[in-house]
Amino acid sequence: MVEPEFKKAPKVWLDGKLIPWEEANVHLGSHTVQYGLGVFEGIRAYKQDDGSTAIFRLQEHIQRLFSSAHILGMELPVTEEAVIEACCQVVRSSGMDSCYLRPTAFYGQGQMGLGALNNPVHVAVAAWAWGRYLGDEGMRKGTRAHVSSWQRMSAKSFLVKGKVTGQYVNSILAKREARAAGCDEAILLDEFGLVAEASGENIFIVEKNVIFTPPRSAPILDGITRDAIIHLARDMGYTVVEQSFTRGTLYCADECFFTGTAAEVTPVREVDGRAIGKGERGPVTAALQDSFFKTVRGSNPRRLSWLTKV
Ligand code: PMP
């Protein structure tokens with residue numbers, strides 16, 4: 001699988017100003033460049049069925065950005081409202097009707113040591129066009145995943161609920177190993193051997209029409225797409241159980257799918273060389289994909305409050 005299309009938006013919002021992408025640079029001496037102490041978000045803006053553009057669950061993403069900063073003890077020099085408005089400005093100035101947004105908060109120059117407390121915090125929002133993160137074919141037919149030799153970080157050592165820059169080394173190691181093994185994505189187990197999540201997605205399985213996903217108490221990112229799918233599935237009458245499961249249960253599931261802002265709702269057809277269900281996108285996954293894409297395009301009257309028009 002090749003990396004999806006990457007077409008950058010011409011303007012980046014940095015500390016209150018829209019500037020050209022090429023000028024949005026960071027100095028080598030910035031604390032976050034050296035040590036990875038920073039926070040970020042991934043958000044999608046979608047072209048709506050009425051032709052306008054709206055950002056999906058913008059408020060929840062910005063709240064999570066501030067929560068990630070809060071758990072690190074990082075004080076952001078802006079309000080949530082200002083970052084929300086920055087995201088809208090970046091989309092408006094991008095000339096794109098759909099794109100991926102990347103708000104980031106990072107420590108700049110000042111002290112170099114690990115104990116530095118007073119380096120300035122910068123906040124930026126960049127955007128780019130991003131196709132199907134796990135491929136068009138993956139979206140229709142299902143992706144191939146393997147269980148990683150890397151373990152999902154333990155809550156004993158990391159702030160697993162934060163979308164923290166440096167913590168993504170864990171995901172990158174797992175993703176690279178999966179690619180080298182000829183798979184599209186890595187599934188990480190937690191320290192107890194239970195299925196946690198994928199390198200950049202939450203995981204769901206379906207057994208006899210009941211949908212299972214690891215609970216929020218598991219060492220997973222509290223995915224906003226995960227939350228959306230739980231709501232949409234319940235709206236459609238499915239039972240959703242937030243409960244951990246083992247690798248064996250995953251192998252024997254009728255269906256499996258990933259959720260994430262980048263990956264949206266992507267079926268998983270194979271794990272560790274074993275077919276999941278019939279080895280293709282299953283009917284529950286297809287129904288949830290359909291509901292998800294209608295919702296993000298503004299065609300689900302019940303969930304219009306999840307969309308912020310730019
Ligand atoms: N888990 C991890 C590790 C992730 O990086 C992401 C992507 N943000 C997710 C799950 C899915 O979260 P969301 O649906 O909020 O994008």
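The values are calculated or read from the model by the stated rules, or taken from the named source; none is laboratory data. Not measured: the values here are computed from a predicted model. Reconstructed Cβ throughout: ideal geometry from the backbone, glycine too, with neighbour counts over all protein chains shown.
Summary table
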item: Region 197-220 residues that are more than 13 Å from Gly260 (Cβ to Cβ) and touching a residue at least 12 places away in the same chain (Cβ under 8 Å), paired with ones that are assigned to a loop (DSSP other than H, G, I, E, B) and within 7 Å of the ligand (Cβ to nearest atom) (beta carbon under 6 Å, 6 or more apart); result: Pro214/Ile220
item: Candidates Ile172, Ile187, filtered to the one that is closer than 25 Å to Lys7 by Cβ, of a type outside the set (D, E, K, R) and either modelled with pLDDT of 95 or more or surrounded by fewer than 18 Cβ atoms within 10 Å (Cβ to Cβ) (or both); result: Ile172
item: Verdict on Gly110 being surrounded by fewer than 18 Cβ atoms within 10 Å (Cβ to Cβ) and either at pLDDT 95 or above or among the small types (Gly, Ala, Ser) (or both); result: yes
item: Qualifying positions in region 158-191 - outside any helix (DSSP H, G or I), more than 9 Å from the ligand (Cβ to nearest atom) and in contact with a helix residue (DSSP H, G or I) (Cβ under 8 Å, 6 or more places away or on another chain); result: Phe158, Leu159, Lys161, Gly162, Val164, Asp184, Glu185, Ala186, Ile187, Leu189
item: All positions within region 192-222 that are part of a loop (DSSP other than H, G, I, E, B), more than 23 Å from Lys141 (Cβ to Cβ) and within 16 Å of the ligand (Cβ to nearest atom); result: Pro214, Pro215, Arg216, Ser217, Ala218, Pro219, Ile220, Leu221, Asp222
item: Condition check for Arg64: in contact with a helix residue (DSSP H, G or I) (Cβ under 8 Å, 6 or more places away or on another chain), of a type in the set (D, E, K, R) and in contact (Cβ under 8 Å) with a residue 60 or more places away in the chain; result: yes
item: Odd one out for Gly135 among (1) modelled with pLDDT under 95; (2) farther than 22 Å from Phe293 by Cβ; result: (2)
item: Considering residues of region 12-53 that are polar (S, T, N, Q) and part of a loop (DSSP other than H, G, I, E, B) only, the residue surrounded by the fewest Cβ atoms within 10 Å (Cβ to Cβ); result: Asn25
item: Restricting region 195-218 to residues that are touching a Phe, Trp or Tyr at 6+ places or on another chain (Cβ under 8 Å) and under 16 Å from Lys163 (Cβ atoms), the residue that is surrounded by the most Cβ atoms within 10 Å (Cβ to Cβ); result: Glu201
item: Tally of residues being hydrophobic (A, V, I, L, M, F, W, C), within 18 Å of Asn202 (Cβ to Cβ) and out of contact with any helix residue (DSSP H, G or I) (no Cβ under 9 Å at 6 or more places or on another chain) across region 231-254; result: 4
item: Failed item in (1) modelled with pLDDT of 95 or more; (2) under 22 Å from the mean Cα position of the chain (by Cα); (3) surrounded by fewer than 18 Cβ atoms within 10 Å (Cβ to Cβ), with Ala86 passing the rest; result: (3)
item: Count of residues meeting criterion [more than 9 Å from the ligand (Cβ to nearest atom) and under 14 Å from Ala86 (Cα atoms)] in region 41-53; result: 1
item: Residue within region 60-73 that is at pLDDT 95 or above, assigned to a strand (DSSP E or B) and more than 21 Å from Val121 (Cα to Cα) present; result: no
item: Hits in region 131-150 - residues which are touching a Ser or Thr at 6+ places or on another chain (Cβ under 9 Å) and surrounded by 19 or more Cβ atoms within 10 Å (Cβ to Cβ); result: Tyr133, Leu134, Gly138, Met139, Gly142, Thr143, Ser148, Trp150
item: Hits in region 13-45 (condition: in contact (Cβ under 8 Å) with a residue 40 or more places away in the chain and farther than 28 Å from Val160 by Cα); result: Gly16, Leu18, Trp21, Ala24
item: Any hit, region 24-44, residues being charged (D, E, K, R) and under 19 Å from Thr225 (Cα atoms); result: yes
